[in-house]
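The values are calculated or read from the model by the stated rules, or taken from the named source; none is laboratory data. Model, not experiment: these values are computed from the prediction. Ideal geometry is used to build each Cβ from the backbone, glycine not excepted, and the neighbour counts take in all protein chains shown.
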Amino acid sequence: MGTNTSTGMRVAELAAAAGVAPDTIRYYERAGLLPPAPRSAAGYRRYGADALDRLRFIQGCQRLGLRLREIADLLAVRDTGVCPCEPAEQLLRRRMAEVDAELARLTALRAEMAAMAAALPTAGCPPPEPGRWCPPDDQERR
């Protein structure tokens, strides 16, 4: 579908079709992820189906945890008419390593939390004060 300033979707219509806020679309345009849309005679942005396809690509990349700068790089390759598979593979492998590191950190944190929870009494423990679980009187009795 070619872009015609008298047809196409307004920002709100594109946003609804993509499931994002209109401000997100404006932000993507300012950030260079979406090319500036042609305007109607009344000054409204008018987006074609290509903008929706581009938004869905951006959303898919974001679901995978890619950063906007990385997405912009993939879009630049895609805009040449070439599939961005090779750079996408490199980005995804790097992102997987980051996820693996975060999983390891969270697993260690969970183990620490489980050990702390196991050490706490099962009933009658007062709410924690800043910096300690039990009031000073209770700690002396333990």
Fill in: So A37, is it touching a strand residue (DSSP E or B) at 6+ places or on another chain (Cβ under 7 Å) and aliphatic (A, V, I, L, M)
yes
Worksheet item: Under 7 Å by Cβ, and 6 or more places apart or on different chains, what pairs join a residue from segment 89-103 that is within 14 Å of L64 (Cβ to Cβ) with one that is among the charged types (D, E, K, R) and surrounded by 13 or more Cβ atoms within 10 Å (Cβ to Cβ)?
Response: L91/E70
Worksheet, complete the sentence: Of (1) of a type outside the set (K, R); (2) at pLDDT below 95; (3) over 30 Å from Y27 (Cβ atoms); (4) not in a loop (DSSP other than H, G, I, E, B), A123 fails just (4)
Practice prompt. Inspect segment 32-49 for any residue being hydroxyl-bearing (S, T, Y), touching a helix residue (DSSP H, G or I) at 6+ places or on another chain (Cβ under 8 Å), free of Cβ contacts under 8 Å to residues at least 24 places away in the same chain and not assigned by TED's automatic domain parsing to the domain that holds R95 and give the result as yes or no.
Written response: no
Discussion item. So, G60, is that one loosely packed, with under 10 Cβ neighbours inside 10 Å and not hydroxyl-bearing (S, T, Y) or not?
Written reply: no
Discussion item. Can you say whether A41 is surrounded by 10 or more Cβ atoms within 10 Å (Cβ to Cβ), at negative phi and aliphatic (A, V, I, L, M), as far as the supplied structure shows?
Written reply: no
Discussion item. Against the conditions (1) at positive phi; (2) small (G, A, S); (3) more than 14 Å from the chain's Cα centre (by Cα), where does A18 fall short? Just the number, please.
Written reply: (1)
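Table: residues versus (1) more than 14 Å from R10 (Cα to Cα); (2) out of contact with any His (no Cβ under 6 Å at 6 or more places or on another chain); (3) modelled with pLDDT of 95 or more.
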residue	(1), (2), (3)
G32	yes, yes, no
G43	no, yes, no
D50	no, yes, no
G65	yes, yes, no
D79	yes, yes, no
P84	yes, yes, no
P87	yes, yes, no
A101	yes, yes, yes
